[in-house]
1. Using alpha carbons only, how many angstrom separate the centre of the range 337-381 from the centre of the range 45-73?
2. If packing is taken as the average number of other Cβ atoms within 10 Å across a peptide's residues, how do 350-358, 455-463 rank, most packed first?
3. For the pair Gln342/Glu127, report the inter-label distance in nm, with labels modelled 7 Å from Cα in the Cβ direction.
4. May I ask you to derive the FRET efficiency for Lys79 and Gln406 from their Cβ-Cβ distance with R0 = 30 Å, giving the value to the nearest 0.05?
5. With the crude spin-label approximation of a point 7 Å out along Cα→Cβ, what separation in nm comes out for Ile22 versus Asp498?
6. Arg256 to Thr373: extension gain in nm, 0.36 nm per residue of separation minus the Cα-Cα distance?
7. Rounded to the nearest 20 debye, what is the charge dipole size of the range 341-392 about its Cα centre when +1 sits on each Lys and Arg Cβ and -1 on each Asp and Glu Cβ?
8. Please state, as a whole number in µm²/s, the translational diffusion coefficient that the Stokes-Einstein equation yields for the chain at 4 °C and 1.567 mPa s, with Rh defined as the Kirkwood radius across alpha carbon pairs.
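Each reported figure results from applying straightforward, stated rules to the coordinates on display, with no laboratory input. Because the structure is predicted, anything quoted here is derived from the model rather than measured. Note that we place each Cβ from the backbone using ideal geometry, even for glycine, and neighbour counts take in every protein chain shown.
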Amino acid sequence: MLDRLLALGPLYLCGLALGCIIAYFPLRKAYIDYRIWRVGGVRSPLIATNPLWGLPFFFSAGSKQMNNKLLDHFEGLFKNTPPSCPNCVEISTFGVVRFLMTQEPAHVKTILTTKFADFGKGPRFHESWSPFLGDSIFTTDGQAWADSRALIRPMFVKDRVSDLDIFDRWTDALIGLIPGGGQTVDVMDLFYRMTLDVTTDFLLGESVNSLGNPKHEFVDAFKEVQRIQMLLTILSPFRSLIPKGRYKSGIRTIERFISPFITRTLSLPPPAKSPSSPTSPSSPTESPSPSSHSTTFLHSLSLQTSSPKVIRDQLIAILLAGRDTTAATLSWTLYELAHYPQTYSRLRNSILTLLGPDRKPTYSDLKSLPYLTHTLNETLRLYPAVPYNLRAATCDTTLPSTVEGQPPIAVLKGDVVVYSAMAMQRRADLYPPVSETFADPAVFSPDRWEHWTPKAWNYIPFNGGPRICVGQNFAMTEMAFTLVRLVQKYERIEYRGDWHAQYHKAEIVGAPGHGVPVAFFEAAEDGDAA
Ligand code: HEM
């Protein structure tokens, strides 16, 4: 058979190969159409089902990401969609994996809760992310994910989070580094260092003191690995072509940083394991036992495993979760507050009325400062720390149509649904009309929250459903405490960057691309300010 084929000559063979390739895509499309029909759904509007249209799409996504314009790219996908399905589109390059891009709250609700079992991180995500995050809570599904969640969750019970000593210690250290006399400081850099110190102190029982020692090779490596990881995700079909030297060496640096904590975990004396141990693999995922304040995450890990690899994976994941998200949110908050001095004053007045200029807030003080909560909520509305996310279908299923009379959208096993909290939360049509009490949704306005509450799935900075952020209360408490202490001390802040040059840099977590250069002024200093 092979002999006969070879005898046909190279030209004939090339023609045959080309014919097969040309026939493959329509045949594949027809097969997918058949499966979609069997599921009882339809396709969302098609952007591409073959390399001719698909390749330019992926290259444009990659180039937009490198130029920090990913949001423009994502929003652009829905510019020419028909009224029957305005907020979801389909892209597939080689016809094998379909990517559904959505900015529809009903779709997000479906994948995160209503049909939770039909969606997961999936094997492709695991394969792409595991060199960095291993088999941790972020990369696994099913029992492996449930075990990680059971391990992590007891660290965040209210009793532990409401002890504000750690936040106090590191906020004081941060304020100690802010120069007086109207000098400029990149407060984003300070926030990133502070949240690393808080997270390591809270979870590992000892801080790495990066506020005291800014030159930490771990910090640069963590940033670089995230940058490349994001690119690997966006250019998913071509990720094997992306050079990974810096990615791998960054991961090695992170592992060197983690190594002493692994050693310490392994050397912890074996604790008396009780059946009600918070980290017992058999304990129910969502009913943690109380965890004593002296029990760190390392203790919990030592109870569950003696595998250095398991400890490594969990530590890196929790550092990623705990550090960058809160630092980026605090950075955007200060950036916006510098933009709106009246909002800053209003926030300050509300804080001074309750606490005066010096008293440290308690946990319940933080919860009784509504304008402070509105300010953080508003930041997370415009800049959700995790701007893009995805889930893969574990079986053939559907997403609901939001247009009356339209059939549901079919999602087939292995399809990837990409959703953007940021694009969705910036959709003007999901908000009430602009009025005296409701500013343009594109504008930072904590005041809007006094008269308005978003519909449940229109606002998802912490996700929702069973995989909702474990650290939500911890994050809100840490950010609120830090803001209170800053705002108590400084009467006003002044932005020292170029407003027009600022941009959203999305590398897993979305942060201000130019940092946040500001000057802080205490009340007494204000005379010198001009
Ligand atoms: C502003 C701060 C934060 C935001 C906006 C945020 C947002 C999110 C989001 C959107 C997810 C879902 C990720 C996914 O399913 O793909 C998530 C998950 C998670 N977050 Fe946060 N997070 C924040 C802070 C924190 C902190 C401080 C911690 C812990 C120290 C934390 C721990 C986690 C963990 C462990 C998960 C995984 C949950 C799971 O898959 O079951 N987060 N977070």
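1. Taking the Cα centre of the range 45-73 as reference, the centre of the range 337-381 is 41 Å away.
2. In decreasing order of mean packing, 350-358, 455-463 become 455-463, 350-358.
3. Label-label distance for Gln342 and Glu127, simple model: 5.5 nm.
4. Details: r = 20 Å, r/R0 = 0.66.
Working from the Cβ atoms, E equals 0.95.
5. Simple spin-label model gives 5.1 nm for this pair.
6. Numbers: separation 117, 0.36 × 117 = 42.12 nm, distance 3.79 nm.
So the extension gain works out to 38.3 nm.
7. Numbers: 7 positive and 3 negative charges, 16 e Å.
Rounded to the nearest 20 debye, it is 80 debye.
8. Details: Rh = 25.1 Å.
Roughly 52 µm²/s, to the nearest whole number.
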